[in-house]
Amino acid sequence: MSQELVMGIDVGTYETKGVLVNADGAVVATEVQPHTIIFPRAGWAEHDAEGTWWGDVVTVSNALLATPGVSPTDVKGLGVSAIGPDVLPMDENFQPLRNGILYGVDTRAVEEITEMNERFGEDYIFNACGNALSSQATLPKILWLKKNEPEVYKKARWFVTATTFIVARLTGRVVVDHFSAGSHHPSYDPWKREWNEELNEGIVETSRLAELAWSHEVAGGLTEWAAKETGLPEGTPVTVGTIDAGAESVSVGVTQPGEMMLMYGSTIFMIQVTDNDQARDKRLWVAPYLFPGTWCLLAGMATSGALTRWFRDSFASELVAAEEAGGEPAYAVLSREAGESSPGSEGVIVLPYFSGERTPINDPRAKGMIFGLSLTHSRADLFRATLEGMGHGIKQHVDMFTDMGAPPHSIQAVGGGTKNPVWLQIVSDISGVPQRVAPLTVGASYGDAFLAALALGWVQGPDAIKEWQGNGSVVAPNDQLADTYAPLHEAYTDLYHATKETMHKLHELGY
């Protein structure tokens, strides 16, 4: 039976997800392809662009097309997203010249950030791009390549993000959306919606950066080669695409000013839409949102799911082995244990800076910490403290948005962490903010499919995603715990400032 479908594919930090969706927003099929992150040395984080970024797109597309009752000709459009902002040097034939350097979890360009701040001035950079330099910035990483891998730098025709690389492979067009470009600090002018020639000068020619467009626009049709690789028909329209966080935000209906997304992924990421393009703060990031006439505030913590994964693998190996033998999922057991520990984790405080930290401290040299231990503490206390540590970090951001006069009117929680009810409740209890969980939490790939539907004219405007989604559940804060968490939140904040210099000394020693 003939049907009309759109496909969405998102390449994340640890897995790639794909989805087939019909014109009513119903999910017809899903596919997940796990992959690994590469840590060549402390502070570095990379992906194999050929094997992971492109290889996963090919694998997931073909797997989705193998769904019973689905024909390749049923798919009328493809939307893609991927992690970012990252840096991949690519030649004129769209071949990677090295592994892709990942977003803020990769902190290799500390010296280059200092160099650029001294060259241009921190205030000048902030006023020019609306953002202070941090490990999230891409231009310092391009400068790092120029200094440390000059042959790679010289051979590169383009420096692109993962989504741009994938779309180039699919369509032959090297293009990036404005939302993603807005995270390429300080290369991009978010008010003029163009690359900043002055700030790029001496580091990279803007001709080696991608063409600019909007996320839901059609980048082009699938080339003959890409069609053979993916199994999709030649000429299938492909959207410009975006960073995974933007696609995930759209997927749960965050489209209007005052709406905020809180993504529980490998990292924590927050996007709040606003109509005030002058709203900015050095502690966070700003950029155009996915659609013309919109602006957003962005924030991101360096670890989240990556930290819970580290905890599971380091302290619960027997639970992992039991799961692999057909037993209960390890995370479910840890979550249950954490729920049995008391709020406040018996005084244990975790600073979740295990890969440095992005916002609000923007310190790539920060170190993770488990503080307040005694012989009475259990694994349950430590895991709950890990979840609470991320909750305290989220509260710092909610307070920051509020202080800026941009408090979130509603928060949509998304990502794998939404499957952990204990974690959700902890975050609401610490932050004091209710969280909404959409009924369909497929993720960024669902947002990609929606952007493809928007490009095809199947839906009329961004708000149509709310009709696709319908109503979800709400996690309300327990106000009785406010007095418990308030002094612990103060201790959490003080702990970083009290140990900051020691953290930096460890970094200088190469740890």
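Quick notes on this one:
- Some residue of the stretch 403-411 being among the charged types (D, E, K, R), free of Cβ contacts under 8 Å to residues at least 24 places away in the same chain and surrounded by fewer than 23 Cβ atoms within 10 Å (Cβ to Cβ): yes
- Any hit, the stretch 325-342, residues being among the aliphatic types (A, V, I, L, M) and touching a strand residue (DSSP E or B) at 6+ places or on another chain (Cβ under 9 Å): no
- Residue check for Gly202: within 21 Å of the chain's Cα centre (by Cα) and closer than 30 Å to Phe120 by Cβ: no
- In the stretch 487-500 there is no residue matching the filter, namely being within 23 Å of Pro434 (Cβ to Cβ) and not in a helix (DSSP H, G or I).
- Residue ranges of strands (runs of 3 or more DSSP E) in the stretch 1-107 with at least 3 members closer than 21 Å to Val459 by Cα: 5-11, 15-22, 27-34, 75-82
- Residue in the stretch 444-464 that is hydroxyl-bearing (Ser, Thr, Tyr) and either modelled with pLDDT under 95 or not assigned by TED's automatic domain parsing to the domain that holds Glu388 (or both) present: yes
- As for the stretch 448-471, it holds no residue that is under 30 Å from Ala491 (Cα atoms), assigned to a helix (DSSP H, G or I), out of contact with any strand residue (DSSP E or B) (no Cβ under 6 Å at 6 or more places or on another chain) and of a type in the set (Phe, Trp, Tyr).
- Under the condition of being basic (Lys, Arg) and either in the same structural domain as Glu111 (by TED's automatic domain parsing) or within 25 Å of Arg41 (Cα to Cα) (or both), the residues counted in the stretch 355-392 number 3.
- Top-ranked residue of the stretch 1-22 - restricted to ones that are out of contact with any Leu (no Cβ under 8 Å at 6 or more places or on another chain) and within 19 Å of Thr239 (Cβ to Cβ), ranked as modelled with the lowest pLDDT: Gly12
- Against the conditions (1) outside any loop (DSSP other than H, G, I, E, B); (2) touching a strand residue (DSSP E or B) at 6+ places or on another chain (Cβ under 8 Å), Trp225 satisfies every one except (2).
- Of all residues in the stretch 237-263, those being surrounded by fewer than 24 Cβ atoms within 10 Å (Cβ to Cβ) and touching a residue at least 60 places away in the same chain (Cβ under 8 Å) number 5.
- Test: Leu298 is of a type in the set (A, V, I, L, M), buried (at least 17 other Cβ atoms within 10 Å of the Cβ), under 30 Å from Asn276 (Cα atoms) and not assigned by TED's automatic domain parsing to the domain that holds Ala245: yes
- The sole residue among Ala156, Ala132, Ala137, Ala162 that is modelled with pLDDT under 95, buried (at least 20 other Cβ atoms within 10 Å of the Cβ), touching a strand residue (DSSP E or B) at 6+ places or on another chain (Cβ under 9 Å) and among the small types (Gly, Ala, Ser) is Ala132.
- Only one entry of Pro343, Pro352 meets the criterion of being touching a Gly at 6+ places or on another chain (Cβ under 8 Å) and either among the small types (Gly, Ala, Ser) or in the same structural domain as Ile426 (by TED's automatic domain parsing) (or both), and that entry is Pro352.
- Scanning the stretch 478-511 for residues that are free of Cβ contacts under 8 Å to residues at least 12 places away in the same chain, under 29 Å from Arg41 (Cβ atoms) and among the aliphatic types (A, V, I, L, M), we see that the one that is surrounded by the fewest Cβ atoms within 10 Å (Cβ to Cβ) is Leu509.
- Taken over the stretch 115-124, the criterion of being more than 13 Å from Asn362 (Cβ to Cβ) and either surrounded by 14 or more Cβ atoms within 10 Å (Cβ to Cβ) or among the polar types (S, T, N, Q) (or both) is satisfied by Glu115, Met116, Phe120, Tyr124.
- Residue within the stretch 328-336 that is within 30 Å of Ala213 (Cα to Cα), touching a helix residue (DSSP H, G or I) at 6+ places or on another chain (Cβ under 7 Å), among the small types (Gly, Ala, Ser) and not assigned by TED's automatic domain parsing to the domain that holds Asp448 present: no
- Residues of the stretch 108-127 classified as assigned to a loop (DSSP other than H, G, I, E, B) and closer than 23 Å to Val286 by Cβ, total: 2
The values are calculated or read from the model by the stated rules, or taken from the named source; none is laboratory data. All figures in this text were calculated on a predicted structure; none of them were measured in a lab. As a convention, Cβ positions derive from the backbone with ideal geometry for all residues, glycine included, and neighbour counts pool all protein chains shown.
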